[in-house]
Amino acid sequence: MEIPAINLKAIVLVHWLLTTWGCMVAWLPLSFAWGNFSVLAVGVWAIAQRDSIDAVLMFLIGMVVTILTDIIHFGIYYPQIELTTTRRDLYRFSAGMAILSLLLKPVSCFFVYQMYRERGGDYNVNFDLETSVDSRCTTDSADSAFIGRRY
């Protein structure tokens, strides 16, 4: 099954719009806005430099970090919405858009990771315990030169 190609411009535009609507009412601290808009600026950098692997990787890491910080922000500041009596509908709309942005971020991370792979990035973490330093020293090949060498 082929994964559909989603344009990076569409991802940045959707998250920019949802973050802007999420910041309409000052129920979230400025760190929410600064964090999300900074990551979106890195996304604009990834759009501008189509061949940059680093830009896409930094955008992906930034999106993952903002998922965690958004959860913390919502956990701390969402109960304040229930205490407000004025502009309650506006608070709920703003909170709904910020939460929708948070819910879309894992999906966006998946598509950004696919773009990272398409641009030539290969970030594999391999915990191969069988080929450790001890196993290299027990072979009979030319690798035995590592035994007396200090690094």
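Worth a mention:
- Which listed residue, of TYR123, TYR77, is of a type in the set (Phe, Trp, Tyr), part of a helix (DSSP H, G or I) and either surrounded by fewer than 17 Cβ atoms within 10 Å (Cβ to Cβ) or at pLDDT below 90 (or both): TYR77
- Inter-residue pairs, beta-carbon under 6 Å, first assigned to a helix (DSSP H, G or I) and in the range 91-116, second polar (S, T, N, Q), 6+ apart: TYR91/THR84; SER101/THR19
- Any hit, the range 86-108, residues being exposed (fewer than 14 other Cβ atoms within 10 Å of the Cβ), over 17 Å from the mean Cα position of the chain (by Cα) and within 19 Å of LEU8 (Cβ to Cβ): no
- Test: residue in the range 84-91 that is of a type in the set (A, V, I, L, M) and modelled with pLDDT of 90 or more: no
- Exclusive hit being surrounded by fewer than 20 Cβ atoms within 10 Å (Cβ to Cβ), at pLDDT below 95 and within 30 Å of ASP122 (Cα to Cα), set ILE47, ILE72: ILE47
- In summary, LEU60 fulfils each of the numbered conditions (1) open to solvent by 60 Å² or more (accessible area, probe 1.4 Å); (2) within 18 Å of the chain's Cα centre (by Cα); (3) over 26 Å from ASP89 (Cα atoms); (4) not polar (S, T, N, Q) with the single exception of condition (1).
- THR66 being hydroxyl-bearing (Ser, Thr, Tyr), without any contact (Cβ under 8 Å) to a residue 40 or more places away in the chain and crowded, with 17+ Cβ neighbours inside 10 Å: yes
- The residues of the range 21-44 that are free of Cβ contacts under 8 Å to residues at least 60 places away in the same chain, in a helix (DSSP H, G or I) and open to solvent by less than 50 Å² (accessible area, probe 1.4 Å), listed by number, are ALA33, GLY35, VAL39, LEU40, VAL42, GLY43.
The values are calculated or read from the model by the stated rules, or taken from the named source; none is laboratory data. Remember, it's a predicted structure, so these values are computed and weren't measured experimentally. Glycine gets a Cβ as well: all are built from the backbone with ideal geometry, and neighbour counts include every protein chain shown. Note: accessible area is taken over every heavy atom of the protein model, side chains too, but ligands, DNA and RNA are not part of it. Shrake-Rupley method; radii C 1.70, N 1.55, O 1.52, S 1.80 Å.
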